[in-house]
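Below: one structure, written as structure tokens.
The values are calculated or read from the model by the stated rules, or taken from the named source; none is laboratory data. These figures come from a predicted structure and were not determined experimentally. Ideal geometry is used to build each Cβ from the backbone, glycine not excepted, and the neighbour counts take in all protein chains shown. Note: areas computed on protein heavy atoms with side chains; ligands, DNA, RNA excluded. Shrake-Rupley method; radii C 1.70, N 1.55, O 1.52, S 1.80 Å.
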Amino acid sequence: VVGSMKKYLFRFFLGLFIAIVLLAGTGWIITAIYGDDIKNYFVSKLNNYLSTEIKVGSVEFSVFEKFPDACINFKDVVAMSAPGYDKDAFGKTNTDTLLVAKDLYLQFNIFNIFSESYNIEAIHIDKGRAWIYIDPKGNDNYHFWKEPENSDTTAFKLDLQDVKLTDFAIQFYNKPQEFVFHGYTSKFGIEGKFNEDKYDLETSGGIGIRKLIIDKVNYVNDMKFKVSGSYVNKNEESLLDIAVDGDELDIQSFLSVLPEQYKKRISEFSSQGSFFFETKIKGNVSYNTSPNISAEFGISNGTIK
């Protein structure tokens, strides 16, 4: 029995070794034969689809880095803001840049290489930052993708189903709503059939909020919250099941985000200590319905004068 087991393990590892060698050899051959042509093809096609300038340090092709997908890796990417929005609406803020990234991967099925019909199904942006602006008239700087004239969409198309962000920061400015958001994620993913008119989205990962300003009120102010739950939109109705938890929040920081009309009522009070709360938002949201909102909160080690 021991001898048979040894023979089985030997054959298994030998077969595994041969498979790895064949796979590595095939990948090397594909890269050597098709690599330069694929890189040049992607660069020429993408230029037809872009309405803004994108600067790239280098372009690489790989069948291993995103296996089982093949990928084109654009390194040291700088994408300028798309035209058509009012830059002056944001004062002295430099709004020329939309995105910078150390690596941007466009992923596609490896068999696309042999059919010469490329379908980009996934994008991964690593070590990047984005600046998104919406001017007072609702025009934005991020609509950089256009449908070119007389283009063969069967040979090259964007059919996104998976977007992944790693070590990524975003700054968002919405002038009409006076909304400012600064956030960061070490890993965040979005899955869905984005090209369809109606689709479900699945997200995974965490987002750290550094700044959240609505109508000139800062709703973060060095406070940390944990947000979890789900959001489903279907048939013009949304279903929420969200929990927001805050633990050991500074009372003064919490009170500082209150609207001015409420701050005035407590302006003569001073306080210290920790504030904690748990809020649950659950139910349907539509034109005629609102979700149920429940909250539990309290103060620990606190004083009020």
> Straight-line reach from K305: which lysines have a Cα under 23 Å away, not including same-chain ones fewer than 8 places off?
Replying inline: K263, K264
> In the range 103-145, carbon and sulfur make up what percent of the accessible area (probe 1.4 Å)?
Replying inline: 55
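I'd like to compare 70-79, 83-92, 272-281, 116-125: which one has the highest average count of other Cβ atoms within 10 Å, and what's the full order after that? Walk me through the numbers before you get to the answer.
Values: 70-79: 19.8, 83-92: 12.7, 272-281: 16.3, 116-125: 18.1.
Answer by packing, highest mean first, reads 70-79, 116-125, 272-281, 83-92.
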>> I need the peptides 41-53, 132-144 ranked by packing, meaning the mean over residues of other C-beta atoms within 10 angstrom, with the highest value on top.
In response: 132-144, 41-53
>> Under a Cβ-only charge scheme (Lys and Arg +1, Asp and Glu -1), can you give me the dipole magnitude of the range 42-92 about the Cα centre, in debye to the nearest 20?
In response: 60
